[in-house]
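Derivation of every value follows stated rules applied to the coordinates shown; laboratory data play no part. Quantities reported herein were computed from a predicted structural model and do not represent experimental measurements. All Cβ positions, glycine included, derive from the backbone under ideal geometry; neighbour counts span all protein chains shown.
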Amino acid sequence: MEWARGYGVADASDKRPVSTDTLFQVASISKSVSAAAILRLVQQGKLGLDDDVNSRLLSWKLQGAPGAPAPVVTVRQLLSHTGGTTVSGFAGYTPTEPVPGLQAILNGEKPANSPRIFVDTPPGQALRYSGGGYTVLQQMVMDVTGQPFDKLMQASVFDPLNMRHSTFAQPLPPRLQANAANAHDKSGAVLPGKWNTYPTLAAAGLWSTPSDLARFVIAIEQASDGKSATFLSKPMASAMLTPVLNQYGLGMSLDGRDADARFFHSGANAGIRSTMVGYAYKGQGAIILTNSDNGGGLIQELLRWIAAEYKWNDYKPVERVLAPAEPALFARYTGKFAVAGRTITVTTRDDTLFVQEDSFGTQPIALLPESATRYFALEANLTLTFLPQSDGAVDAVDVAYFGNYRATRIK
């Protein structure tokens, strides 16, 4: 590990400083760590990547849409977001809200604040980001091993990799709370109750530090490069880092080729933004954890600085020329657009366009104009290009966000 630093404060009100051992929620990076634990179960012969998850689920079964037959969805498909499952992300629970059990979340029953998880598109045909699919995997892993998920992760991942400051315990135990970074909203205020609780552990429930996640990234790199099979075998690492659809592997987004092949994942919980990057064959990477809804822009800036310092070919600055905003056109752009079961919502406020979709983060993201129809975000690597028809109506938008896809208007 080259270096680790803590900057800023864990709480804006009391100015408690961040250290290298401060615990952060890492949001959807949880999926990558959970995927590795599942691959270790495959490696041990306790699971198969192409097993039908319903054949391994004992206490609950994954259903199709009402009236549809029970789907056949594999472990590999859920790990790669190609299982056709619903529910892209989770809002978590404030301290004043009751925290539901896992089966209530799976069934969309109160006190869960998310809808039922089921299969509504044909498995294997499209990539649709689904925290719901990882929640199904969480239940499956517990059924297969007979262990609570957090205890399994401790034994399977944290202990072997010496990740001493990581836990899937939710709510966060009182003994760890004094060392945790409090979540902050866009105004800079601490969230009520300091942070939300995420019982969807596999999808969003990990607390960790950059140093611990660096140990995880190094283990994946060493397995991929054949330097060590202590944590994962080279075939398992290869399966993790092989695209299934649209440059997403098993718990990892993927990009680059040969020496520049990299794996990465970002995360966004309430008041939290995070990213993790590793190069499969260079032995390089970076982990950046922030405790603010404004953290996305800082992450992008830090990645550019790291890339320049270590001569990466990625994350180089992209110069954009701002075009004049045309609020008169915004009425044509606002509304809801859908792609592969995901809903992208475009709104306007104070002569600015905003976009919101769970995989982009929990809060709407401001968009800046590059032309009359093309908009980009400063706080995320996200571009929207609206597609007007001859009469000016906009019924589709092209989205560039870890891949390219077209969403069509539904409202």
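Things to note:
- Sequence-separation-based contact order of the chain, relative, with Cα cut under 8 Å and 6+ spacing, percent: 16 percent
- Dipole of the chain, positive end: most advanced residue of ILE288, GLY124, ASN381 [Cβ charges, Cα centre]: GLY124
- Cross-link table LYS227/LYS311; LYS46/LYS234; LYS151/LYS194; LYS31/LYS336; LYS46/LYS282, entries beyond 20 Å C-alpha to C-alpha: LYS227/LYS311; LYS151/LYS194; LYS31/LYS336; LYS46/LYS282
- Taking amide H atoms as placed 1.01 Å from N in the peptide plane, the amide H of PHE90 has no partner under 5 Å among residues 5 or more positions away or on other chains.
- Here the Karplus relation 6.51 cos²θ - 1.76 cosθ + 1.60, evaluated at θ = phi - 60°, turns the backbone of the range 149-159 into coupling constants of 4, 5, 5, 4, 5, 4, 6, 8, 10, 5, 5 Hz, with x for every Gly and Pro.
- In terms of other Cβ atoms within 10 Å, MET142, MET153 run from fewest to most in the order MET142, MET153.
- Of the chymotrypsin sites (Phe, Trp or Tyr not before Pro) in the range 1-77, the ones in a loop by DSSP (not H, G, I, E or B) with at most 13 other beta carbons within 10 Å are TRP3, TYR7.
- In terms of surrounding Cβ atoms within a 10 Å radius of their Cβ, LYS15, LYS282 rank from fewest to most as LYS15, LYS282.
- Protection-proxy order for peptides 205-211, 175-181, 86-92, each taking the mean of Cβ atoms within 10 Å per residue, highest first: 205-211, 86-92, 175-181
- Note on GLU2 and VAL321: the extension gain reaches 111.3 nm, defined as 0.36 nm multiplied by sequence separation minus the Cα-Cα distance.
- Under the Debye formula (equal points on every Cα, no solvent term), log10 I(q)/I(0) of the range 327-409 at q = 0.13, 0.19, 0.22, 0.26 Å⁻¹: -0.34, -0.76, -1.06, -1.57
- Fluctuation leader among ALA214, ALA189, ALA237 - the chain, Gaussian network, Cα springs under 10 angstrom: ALA189
- Near-label residues of the range 95-113 by backbone N, under 19 Å of a point 7 Å along Cα→Cβ of LEU58: 102-104
- Each of GLU309 and LEU176 was given a label point 7 Å from its Cα along the Cα-to-Cβ line. The distance between the two points is 2.8 nm.
- Converting phi to 3J(HN,Hα) with the Karplus coefficients 6.51, -1.76 and 1.60 and the offset θ = phi - 60°, the range 110-126 yields 4, x, 4, 9, 10, x, 4, 9, 8, 9, 10, 9, x, x, x, 9, 8 Hz in sequence order, with x at every glycine or proline.
- Per-residue Cβ neighbour rank within 10 angstrom, fewest leading, ASP225, ASP159: ASP159, ASP225
- 3J(HN,Hα) from dihedral phi, the range 315-320, Karplus parametrisation 6.51/-1.76/1.60, rounded to Hz, x for glycine, proline: 6, 6, x, 10, 7, 10
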